[in-house]
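The values are calculated or read from the model by the stated rules, or taken from the named source; none is laboratory data. This one's a predicted model, so the numbers in the text were calculated from it and none came from an experiment. Quick reminder, even Gly has a Cβ in these numbers, built from the backbone with ideal geometry, and neighbours come from all protein chains shown.
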Amino acid sequence: MKLMSFALTSLLAINVMAQYKGLGAESISADTLKKYAPPALNPVMTNKLKKMFDVTAPGMGMLSPDKKTLFFTWRVTGISHIWKIDGPQKFPVQLTSGSDAVTLSDIAPNGKFLIISKDSNGEENPGVFKLDLSNGQITELYRKAKVQTRFDFITDDSKTIYFTANDVKPDSYNIYKMDLATGEKTLIYEGDGNWGIADQKDNGKELLFYKATGSKTAEFYTFDQATKKLEPVIGVDKKDEYEVSFSAKKGEYLVLTPKENFKKLYLYVPAKSKDLKPLTDKALKYDVSSFTIDEKRTRIVYNVNRDGYTELFAMDARTYKPITLPKFKNADHVFAGKSTRDGAVTMLGVISSQSPRISYSYNWATKQMTQWVLPSAPEVDLKSFAVAELMSYETRDGVKIPMFVRFPKGCKEKDSAVRPCPIVVHFHGGPEGQSEAGFSPMAQAFIDEGFIFAEPNVRGSDGYGKEWIDMDNGPKRENVITDIEDASIWMKKNWARNGVTPKIGVMGWSYGGYSTQMAMSRFAGAYNAGVALVGMSDLVSFLNNTAPYRRILRITEYGDPVKDKEALIKLSPITYVNQVRDPLMIIQGANDPRVPVGEAVQIQETLQKKKIASQLIVFADEGHGSSKKENQVLEIGHMIEFFKKNLN
């Protein structure tokens, strides 16, 4: 493939960068929003998708201190709100309403109020609020325009909360505490960079801070409120991945890190040794993906990511001996939610390919499991949902790329009399994300229209160890970006029928949207149509305009827009825009703080000038992906109609 000269590429990049500046709806004109507003969707498709997206499961939720009420989030109204249920499988009651997306942060230890978070139109600038359970009234505790406020914890006496906010500098977070009676805010630590609270003990007398130094790296410190002194714990001046919490014993820490390729859970006692002692199986060739320890420091619960399937394990927090957990037949994912403050009960979630999440409370002493809420699937036969199959394709350099594939009926059998079914390839976001098995109404919507739905985990994906995830960092991305093209090469060869090559579409959100644009430009001809959602078109302009608090996190992943500019230009879809020859649809949220709306507008306008078939849809009331159900129906619906037109 003939590449543009770097001199011409640089001129093009400069021209593109000049097309927009900033982010959010204020960075584009009202006329532009109107021009690219979502068109009406076919009523038949609208009705199909409304039914599909009415398949919902409530969040796992949190139990009240007396364990008689479950509070949880639910999107059944079309947007996330908070509900309660006064007893297992009783009638749920809605507690919040309105157009803001609301999430549950915590329940006051006295059981009298909730701490909740609200965000508007996908801006990702949530505020912290108090919901009084006696009268249902909501009080704003802290919210500022263009400020992210992150709740951390509430003290046992229900009088004080701790939270983090970038309210002084947009790229730095300060740590505060607030007296709930007076509303007085006190600065605990003035951060320079992306600081936060990783853990705490004894109502904040012991605080464990983190400072994010990259997309997956962080430094950890203890902080003394009296002396304002930071003491390094682990990760300082290192570019390694760590997740850390206090252990049950003073001076000891639990550390999750990929010390030897795969992530394992370790015990770290810095006063005795700088070595990490493994707590999970040393021979395990899979990532321990996450862990939690309850507030009483009685049990550690952790997950193992086994090739995109999630298993749950537990151990005693003092002896580190295994604790037996219930077994769930045919489960693709089992994971733990919030534990009660006394550590007696933990919420568990179970997902299979043919069922949305089912949640249980699990009493550790009695071994009793109780299902509190029921998932909803009106007019939808869940048994008809296609089961994701773990497969792989081989790249040009002989590497096997894992992928999950769902087949419509009749599309898998090698019947020479049948033409090949069209294929839609979904590349995940991140890029450190991972496509997994499990329940997906979105995937089933494509299956119902006759598309094979494939989800690769290309090099750079999470879940396969440190070596795999680091393969696309910075300029190294150039060595593995061909995984995108190789997927279509393999599918055309292996899924052809009766001498007919299948038509293949490509899609994805965020980094998956970027991958789609690369598939349609640099690898033009590999795919017959593409839909790029909230994806980057120019890595240089993206890094220069993404939200300040995200810039350092993304630079460590993609490269520096100054030092690595040449490599970033070479890896930008807009560089190869002259090569685009098949239809491309671009979908974007105007309020996106991660990938600015200008990324979508600039490539659409460039394609239009070159008279290349393309379409842009901008949602004025969304951010990094659609969160409102009516917009999700439009988003997925237009995508399916686009692929039906261009792949059938």
Exercise. Run Val387 past the list (1) assigned to a loop (DSSP other than H, G, I, E, B); (2) under 23 Å from the mean Cα position of the chain (by Cα); (3) buried (at least 18 other Cβ atoms within 10 Å of the Cβ) and report the number of the one that doesn't hold.
Key: (3)
Quiz item: Can you name the number of the only condition in (1) over 28 Å from Phe153 (Cβ atoms); (2) buried (at least 16 other Cβ atoms within 10 Å of the Cβ) that Trp372 fails?
Solution: (1)
Quiz item: Ile82 is checked against (1) more than 25 Å from Tyr549 (Cα to Cα); (2) over 22 Å from the mean Cα position of the chain (by Cα); (3) assigned to a strand (DSSP E or B) and fails just one. What number does that condition carry?
Solution: (2)
Self-check item: Check on Lys277, over 25 Å from the mean Cα position of the chain (by Cα) and surrounded by fewer than 15 Cβ atoms within 10 Å (Cβ to Cβ)
Solution: yes
Quiz item: Before we move on, is Ile612 part of a loop (DSSP other than H, G, I, E, B) and within 26 Å of Asn42 (Cβ to Cβ)?
Solution: yes
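Considering only residues of region 345-369 that are part of a loop (DSSP other than H, G, I, E, B) and not basic (Lys, Arg), which is surrounded by the most Cβ atoms within 10 Å (Cβ to Cβ)?
Here is the first cut: in region 345-369, the ones part of a loop (DSSP other than H, G, I, E, B) are 353-354, 364-368.
Remaining after also requiring not basic (Lys, Arg): 353-354, 364-366, 368.
Numbers: Ser353: 21, Gln354: 17, Trp364: 17, Ala365: 7, Thr366: 9, Gln368: 12.
Per the stated criteria, the residue is Ser353.
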Quiz item: Tell me, which strands (runs of 3 or more DSSP E) lie completely within region 255-326 with 1 or more residues that are touching a residue at least 24 places away in the same chain (Cβ under 8 Å) and under 23 Å from Gly349 (Cβ atoms)?
Solution: 262-268, 287-293, 299-306, 309-316
Practice problem: Could you please find all residues in region 125-160 being farther than 18 Å from Thr96 by Cβ and more than 27 Å from the chain's Cα centre (by Cα)? | Solution: Thr155, Asp156, Asp157, Ser158, Lys159, Thr160
Exercise. Inspect all residues belonging to region 479-499 and state whether any of them is modelled with pLDDT of 95 or more, more than 21 Å from Gln579 (Cβ to Cβ), part of a helix (DSSP H, G or I) and aromatic (Phe, Trp, Tyr).
Key: yes
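Select from region 462-474 the residues that are in contact with an Asp or Glu (Cβ under 7 Å, 6 or more places away or on another chain) and assigned to a loop (DSSP other than H, G, I, E, B) and list them in ascending order. Even if it seems obvious, please write down each step before you answer.
Here is the first cut: in region 462-474, the residues in contact with an Asp or Glu (Cβ under 7 Å, 6 or more places away or on another chain) are 462-463, 465, 469, 473-474.
Those that are in contact with an Asp or Glu (Cβ under 7 Å, 6 or more places away or on another chain) and assigned to a loop (DSSP other than H, G, I, E, B): Asp462, Gly463, Gly465, Asn473.
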Quiz item: Quick check: is even one residue across region 551-568 touching a Ser or Thr at 6+ places or on another chain (Cβ under 7 Å), buried (at least 23 other Cβ atoms within 10 Å of the Cβ) and not in a helix (DSSP H, G or I)?
Solution: no
Self-check item: Complete set of residues in region 212-233 that are buried (at least 20 other Cβ atoms within 10 Å of the Cβ), of a type outside the set (Asp, Glu) and free of Cβ contacts under 8 Å to residues at least 60 places away in the same chain
Solution: Ala218, Phe220, Tyr221, Phe223, Val233
Self-check item: Among (1) loosely packed, with under 14 Cβ neighbours inside 10 Å; (2) more than 23 Å from Tyr514 (Cα to Cα); (3) not β-branched (Val, Ile, Thr), the one test that Asp397 misses
Solution: (2)
Quiz item: Which one is modelled with the highest pLDDT among residues in region 400-418 that are over 23 Å from Ala445 (Cβ atoms) and surrounded by fewer than 10 Cβ atoms within 10 Å (Cβ to Cβ)?
Solution: Lys414
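Answer yes if at least one residue in region 291-305 is at pLDDT 95 or above, over 23 Å from Ile323 (Cα atoms), under 26 Å from the mean Cα position of the chain (by Cα) and not charged (D, E, K, R), and no otherwise.
Pass one, region 291-305, residues at pLDDT 95 or above: 291-305.
After this cut, where a residue has to be over 23 Å from Ile323 (Cα atoms) as well, the list is none.
Checking region 291-305: not a single residue is at pLDDT 95 or above, over 23 Å from Ile323 (Cα atoms), under 26 Å from the mean Cα position of the chain (by Cα) and not charged (D, E, K, R).
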Practice problem: Kindly indicate whether any position in region 69-76 is modelled with pLDDT under 95, among the β-branched types (Val, Ile, Thr), assigned to a loop (DSSP other than H, G, I, E, B) and within 19 Å of Ile358 (Cα to Cα). | Solution: yes
Quiz prompt | Residue satisfying condition, being farther than 21 Å from Met178 by Cβ, under 28 Å from the mean Cα position of the chain (by Cα) and either buried (at least 21 other Cβ atoms within 10 Å of the Cβ) or among the acidic types (Asp, Glu) (or both), within set Gly122, Gly98 | solution = Gly122
Quiz item: Given the structure, is Gly637 buried (at least 20 other Cβ atoms within 10 Å of the Cβ), in contact (Cβ under 8 Å) with a residue 40 or more places away in the chain, within 17 Å of Leu41 (Cα to Cα) and out of contact with any strand residue (DSSP E or B) (no Cβ under 9 Å at 6 or more places or on another chain)?
Solution: yes
Quiz item: Could you list, in sequence order, the residues of region 188-202 that are over 16 Å from Tyr549 (Cα atoms), surrounded by fewer than 18 Cβ atoms within 10 Å (Cβ to Cβ) and within 30 Å of the chain's Cα centre (by Cα)?
Solution: Lys201
Quiz item: Can you tell which of Asp582, Asp621, Asp592 is modelled with pLDDT of 95 or more, closer than 25 Å to Phe451 by Cβ and part of a loop (DSSP other than H, G, I, E, B)?
Solution: Asp582
Quiz item: From the set of residues in region 156-179 that are aliphatic (A, V, I, L, M) and over 11 Å from Tyr142 (Cβ atoms), which is surrounded by the most Cβ atoms within 10 Å (Cβ to Cβ)?
Solution: Ile175
Exercise. Would you tally the residues in region 500-514 being part of a loop (DSSP other than H, G, I, E, B) and either touching a strand residue (DSSP E or B) at 6+ places or on another chain (Cβ under 7 Å) or farther than 28 Å from Glu635 by Cβ (or both)?
Key: 2
Quiz prompt | Enumeration of residues in region 127-160 that are farther than 20 Å from Lys112 by Cβ, of a type in the set (S, T, N, Q) and not in a strand (DSSP E or B) | solution = Gln148
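Before we move on, is Gly530 in a helix (DSSP H, G or I), closer than 29 Å to Lys412 by Cβ and at pLDDT 95 or above? Steps first, please.
Values: in a helix (DSSP H, G or I): no; closer than 29 Å to Lys412 by Cβ: yes; at pLDDT 95 or above: yes.
Answer is no for this residue.
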